[in-house]
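Worksheet: the structure to be examined is printed underneath.
The values are calculated or read from the model by the stated rules, or taken from the named source; none is laboratory data. Being a predicted model, the structure only gives us computed values, none of them experimental. Every residue, glycine as well, gets a Cβ built from its backbone with ideal geometry; the counts of neighbours run over all protein chains shown. Remember, those area values only see protein heavy atoms, side chains included, never the ligands or the DNA or RNA. Shrake-Rupley method; radii C 1.70, N 1.55, O 1.52, S 1.80 Å.
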Amino acid sequence: MFEQITTEKTILKIINFNGWYDQKQILKNINMDMFKNKISAIIGPSGCGKTTLLRSINRINDEIPDYRASGEIIYDGKNIYDKDIDITMLRKKIGMVFQKPVPFPMSIYENVAFGLKIHGLKDKRRIDEIVRLALKRAALWDEVKDELNKPARNLSGGQQQRLCIARALAVDPEILLLDEPTSALDPIATQKIENLIEHLSEDYSIIIVTHNLAQATRISDYMYFMYQGELIEWGPTRNMVRNPKKQLTEDYLNGRIS
Ligand SMILES: Nc1ncnc2c1ncn2[C@@H]1O[C@H](COP(=O)(O)OP(=O)(O)OP(=O)(O)O)[C@@H](O)[C@H]1O
């Protein structure tokens with residue numbers, strides 16, 4: 001249905017993908033490509049399946065007992081739904097940041113080092129270095145460098161969200177999934193995260209779910225518009241905003257459906 005419209009490097013290919021909670025089909029034959037070092041925004045009205053799709057990309061939705069999926073998501077030459085996929089490795093390469101920042105009840109340092117220890121890294125100096133780099137990349141280092149041993153819960157909401165981004169970055173992902181990462185934040189903290197996301201796309205491929213159309217338009221390179229479980233249209237953000245091909249997309253972009 002959609003042609004390859006770019007020469008960008010494809011990082012993820014979703015093919016005939018369906019998802020159900022119990023008997024109810026939520027994702028309906030989704031086909032889309034996502035691209036390396038680009039910001040891809042999944043948009044659409046509440047309940048259209050954005051979060052379910054995002055959570056299917058690193059198989060975290062497998063943890064919901066009633067959830068079932070069919071179809072393929074090709075990453076690094078393999079279908080991530082193949083039986084022999086190592087889920088821990090998959091989630092290392094495809095990290096996720098959730099809507100509400102949820103730091104673990106431990107220090108700032110321990111939060112960022114957590115995943116490294118799970119993956120078996122023991123060298124303290126190496127861990128220190130990675131923690132520092134991850135906090136720098138998440139634009140948090142300057143604010144926390146003198147209080148790394150303080151509880152992460154003392155940070156502001158925006159700082160906590162950047163800490164969660166640092167935690168995801170520490171294990172060296174290739175793709176970052178962001179589920180409404182600014183919806184719990186004030187405008188200034190939101191602006192900082194948006195700037196950070198744009199900066200991070202130089203090194204990572206970012207897939208963001210947002211109900212904030214202005215945000216998607218501001219920061220994304222590609223937009224994917226979903227409606228009632230179907231992917232209606234996708235393409236470069238500028239083209240889609242200026243010249244949507246489907247009436248439904250136009251109606252959504254103009255605020256006629258919400
Ligand atoms: N754990 C679950 N069990 C059953 N149904 C669910 C579950 N999670 C979500 N749903 C349903 O699946 C549909 C899609 O939900 P999803 O959260 O993916 O949509 P969304 O587009 O991200 O919505 P929003 O913008 O409101 O977050 C909704 O009808 C929702 O009620």
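Averaging the Cα positions of each part gives two centres, and for the stretch 188-245 and the stretch 98-169 these lie 26 Å apart.
Looking at the P(r) of the stretch 169-258, how many percent of alpha-carbon pairs lie beyond 21 Å? Spell out each step's value before the answer.
Numbers: 1408 of 4005 pairs.
Of all Cα-Cα distances in the stretch 169-258, 35 percent exceed 21 Å.
With the simple model of a label 7 Å out from the Cα in the direction of the Cβ, Asp186 to Ile257 spans 3.6 nm. Using the rule -39500 (n - 2.57) for each DSSP H run of four or more residues, divided by the residues of the chain, the 222 nm mean residue ellipticity is -10000 deg cm²/dmol. Since only Cys164, Leu54, Leu116 are under comparison, the one whose Cα sits farthest along the positive direction of the charge dipole of the chain, derived from C-beta charges on Lys, Arg, Asp and Glu, is Leu116. Write out the trypsin sites (Lys or Arg not before Pro) in the stretch 42-130 meeting two conditions: DSSP loop, and at most 14 other Cβ atoms within 10 Å of their Cβ. Qualifying residues, ordered by number: Lys83, Lys122.
If the elastic network links every pair of Cα atoms under 10 Å, which of Gly157, Gly229, Gly77 fluctuates the most in the Gaussian network model of the chain? The residue that fluctuates most here is Gly77. Annotation: lysines with alpha-carbon distance below 28 angstrom to Lys78 (same-chain offsets under eight excluded): Lys9, Lys13, Lys24, Lys28, Lys36, Lys38, Lys50, Lys92, Lys93, Lys117. Extension gain for Arg153 to Ile118 (0.36 nm times residue separation, less C-alpha to C-alpha distance): 10.5 nm.
The charge dipole of the chain, taken about its Cα centre with unit charges on the Cβ of Lys, Arg, Asp and Glu (plus for the first two, minus for the last two), comes to roughly 260 debye. Rounded to the nearest 10 degrees, the angle from helix 187-200 to the longest Cα principal axis of the chain is 90 degrees.
A 1.4 Å probe run over the chain, with the rest of the protein chains in place, finds 49 Å² accessible per residue.
With the full set of protein chains in place, find how many percent of the accessible area of the stretch 11-108 is carbon and sulfur; take the probe as 1.4 Å. Result for the stretch 11-108: 49 percent of the exposed heavy-atom area is carbon or sulfur.
For the stretch 142-258, with all protein chains in place and a probe radius of 1.4 Å, 42% of the accessible heavy-atom surface sits on carbon or sulfur.
Pop the C-beta distance of Asp76 and Asn18 into the FRET formula with R0 = 22 Å and round what comes out to the nearest 0.05.
Values: r = 22 Å, r/R0 = 1.01.
Using R0 = 22 Å, I get an efficiency of 0.50.
Using a ≥ b ≥ c from the Cα gyration tensor of the stretch 34-81 (square roots of the eigenvalues), is it rounded, prolate or oblate, where a/c under 1.5 gives rounded and otherwise the larger of a/b and b/c decides, a/b for prolate? Judged from the Cα gyration tensor, the stretch 34-81 comes out oblate (a/c at least 1.5, b/c at or above a/b). Calculated on the Cα set of the stretch 10-253, radius of gyration then Dmax: 18.0, 56 Å.
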